[in-house]
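J.: Provided herewith is a single structure, encoded as structure tokens, for subsequent inquiry.
The values are calculated or read from the model by the stated rules, or taken from the named source; none is laboratory data. For clarity, every value in this text was computed on a predicted model and none was experimentally measured. Every residue, glycine among them, receives a Cβ derived from its backbone with ideal geometry; neighbour counts consider all protein chains shown. For the accessible areas, the whole protein counts, side chains as well, though only heavy atoms, and no ligand, DNA or RNA atoms are used. Shrake-Rupley method; radii C 1.70, N 1.55, O 1.52, S 1.80 Å.
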Amino acid sequence: MGKRNKADSKEIGLDLGIILSKYFFKTEHLHYGYWTKDLEVDPFNLAKAQDNHTNFIVSNIPDGTKTILDVGCGIGKLSQRFISLGYKPECVSPSKLLTKYAREILGGDILIHECKYEDLHTDKRYDLIVFSESYQYVDLVKSFENSLKYLNTGGHILICDFFKTDAKGESALGGGHHLKEFYETAKRYPLKMLKDIDITREAAPNLKLIDDFLTKVGVPVWQALLDYMDKKSPFVSKIIKWKFRKKIDKINKKYFSGTRNAENFAIFKSYRLFLFKKEA
Ligand SMILES: C[S@@+](CC[C@H](N)C(=O)[O-])C[C@H]1O[C@@H](n2cnc3c(N)ncnc32)[C@H](O)[C@@H]1O
């Protein structure tokens with residue numbers, strides 16, 4: 001039950017993410033930006049940085065690829081790009097809201113498997129299976145088992161996502177499989193690792209945007225809310241604060257302690273692109 005709640009809250013987070021991103025940043029991507037040195041770290045450049053991320057994935061598609069399975073397709077922007085380049089994508093999407101947007105963007109001709117990757121059943125086989133920041137949501141072992149099952153011989157897996165490092169200490173930043181565990185698990189399968197590119201430096205600036213947003217918007221709004229409760233009804237406010245003290249502490253620590261920043265991202269996370277080839 002606990003596990004299910006966690007999965008649901010992640011899904012709600014992504015749904016909210018796309019609603020806010022569309023409105024505030026005029027972007028329809030649900031992944032980090034790839035910040036080149038010349039790009040100022042500013043919310044207005046987020047869409048450009050996210051386009052760089054898409055270009056980075058596209059530039060790593062192996063020659064000879066025709067069919068692609070886009071796992072965790074978000075609202076379909078990456079697959080839309082695949083189509084424009086002549087590839088034939090299909091998508092996997094467990095989120096009702098994101099799937100609805102993806103259908104609008106991709107049209108009726110593109111098959112979207114509406115399920116978690118772990119639950120996918122299909123007779124199709126693909127040249128490339130792509131995880132663009134969706135890998136962290138998928139079970140590690142199942143991701144390899146399913147990918148080997150659904151890849152053509154000689155096909156590839158491309159993963160672009162962040163992982164947890166071995167850094168000591170508590171991180172306010174959640175998400176990502178343990179990098180070490182990932183390497184160890186990958187070794188157990190008939191796969192050849194062709195690429196392992198570290199783009200943590202290019203991804204970390206996203207956390208500066210989040211940190212700025214939390215400091216300049218989140219903290220004052222959160223404080224105003226608590227002050228309002230104190231003034232409006234001091235007794236009820238005291239009870240609520242006592243009853244939910246653990247939750248409130250957790251929110252303060254996670255979001256408002258100033259630790260969700262680029263420096264900590266670079267310490268606790270490693271953002272990487274992996275390309276694997278399925279061996280015969
Ligand atoms: C951060 S978004 C990335 C979306 C898109 N790939 C992009 O790059 O913008 C994560 C995506 O993973 C999907 N997802 C979450 N859990 C999943 C699972 N178990 N299997 C497949 N997709 C999953 C979400 O619905 C969402 O589309």
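J.: Assuming residue 201 fulfils every condition listed in (1) closer than 28 Å to residue 27 by Cβ; (2) in contact with a helix residue (DSSP H, G or I) (Cβ under 8 Å, 6 or more places away or on another chain); (3) open to solvent by less than 60 Å² (accessible area, probe 1.4 Å) apart from one, which condition is it?
T.: (3)
J.: Six or more apart or on different chains, Cβ under 8 Å: which pairs go from a residue in the range 71-87 that's more than 11 Å from the ligand (Cβ to nearest atom) to one that's open to solvent by less than 60 Å² (accessible area, probe 1.4 Å) and assigned to a strand (DSSP E or B)? Could you list them?
T.: Taking only residues 6 or more apart or on different chains, the pairs are 82/68; 82/70; 82/89; 83/89; 87/67; 87/68.
J.: Right, another one. Of the residues that make up the range 33-54, is at least one in the same structural domain as residue 149 (by TED's automatic domain parsing), touching a strand residue (DSSP E or B) at 6+ places or on another chain (Cβ under 6 Å) and either among the acidic types (Asp, Glu) or on the phi < 0 side of the Ramachandran plot (or both)?
T.: no
J.: Can residue 65 be described as modelled with pLDDT of 70 or more and in contact with a helix residue (DSSP H, G or I) (Cβ under 8 Å, 6 or more places away or on another chain)?
T.: no
J.: Determine if the range 116-137 includes at least one residue that is over 25 Å from residue 176 (Cβ atoms), more than 13 Å from the ligand (Cβ to nearest atom), among the charged types (D, E, K, R) and assigned to a helix (DSSP H, G or I).
T.: No, there is no match, as no residue in the range 116-137 is over 25 Å from residue 176 (Cβ atoms), more than 13 Å from the ligand (Cβ to nearest atom), among the charged types (D, E, K, R) and assigned to a helix (DSSP H, G or I).
J.: So, one more: How about the range 57-100: which of its residues are in a loop (DSSP other than H, G, I, E, B), surrounded by fewer than 23 Cβ atoms within 10 Å (Cβ to Cβ) and touching a strand residue (DSSP E or B) at 6+ places or on another chain (Cβ under 8 Å)?
T.: Residues satisfying the conditions are 60, 61, 62, 64, 65, 66, 87.
J.: For the range 142-175, what are the residues that are assigned to a loop (DSSP other than H, G, I, E, B) and modelled with pLDDT of 95 or more?
T.: Answer for the range 142-175, where residues must be assigned to a loop (DSSP other than H, G, I, E, B) and modelled with pLDDT of 95 or more: just 165.
J.: Given the options 255, 271, name the one that is over 30 Å from residue 129 (Cα atoms), aromatic (Phe, Trp, Tyr) and either surrounded by 18 or more Cβ atoms within 10 Å (Cβ to Cβ) or touching a Leu at 6+ places or on another chain (Cβ under 7 Å) (or both).
T.: 255
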